[in-house]
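Structure first, commentary second.
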Amino acid sequence: MSEEGETFEALAKKNRERIAAINERQHKRRTELVELQIRSAIDRFVTGTTKATGDDWTAVRLVEESGIPRPTLYRYKEELALFQRLAALAPLGSGGLREENRRLRAELREEKQRRIEDSKQSKHIQDVLVQRVHALSLALAQVTGQSKVVSLLGTKVSE
């Protein structure tokens with residue numbers, strides 16, 4: 001979806017430069033006026049100053065924000081693609097529910113990985129402790145002259 005090396009800031013800057021270029025023209029064509037509306041709406045998403053409700057970066061929200069009918073928006077493929085690339089690169093907290101969902105899924109993956117690593121470490125510690133208890137039992141049996149460790153385990157502990 002996003003090209004290699006693109007950054008949110010670089011795309012936002014290109015969008016602002018295009019807005020400035022359109023605004024400099026004295027006589028704007030109808031297509032440029034529509035493009036200006038779409039790009040201005042995209043800029044409001046970038047700056048976090050949208051008028052429409054919610055903060056998710058969707059085509060529906062872009063339609064609301066720009067005031068451009070959906071079929072018209074879809075004819076402006078370059079601007080829609082720009083919006084989608086910006087949405088994919090949007091910083092934390094600016095992408096609405098989709099971005100929040102992505103962030104939470106990443107946190108969940110990290111937590112699962114930590115749980116797996118903790119489980120492996122606990123198993124390793126348990127194995128080491130079992131080996132040491134076994135070694136200590138054998139050493140105790142040898143020191144006390146017991147021929148088998150089982151006789152050590154069968155003795156009662158006095159209270």
Item to complete: Specify which of the listed residues (L11, L33) is at pLDDT 90 or above, surrounded by 14 or more Cβ atoms within 10 Å (Cβ to Cβ), more than 19 Å from the chain's Cα centre (by Cα) and not in a loop (DSSP other than H, G, I, E, B).
Response: L11
Worksheet, complete the sentence: The condition from (1) in a helix (DSSP H, G or I); (2) touching an Asp or Glu at 6+ places or on another chain (Cβ under 6 Å) that Y74 misses is numbered (2)
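The values are calculated or read from the model by the stated rules, or taken from the named source; none is laboratory data. Since we're looking at a predicted model, the values are computed, not measured. We place every Cβ from the backbone using ideal geometry, glycine too, and count neighbours over all the protein chains shown.
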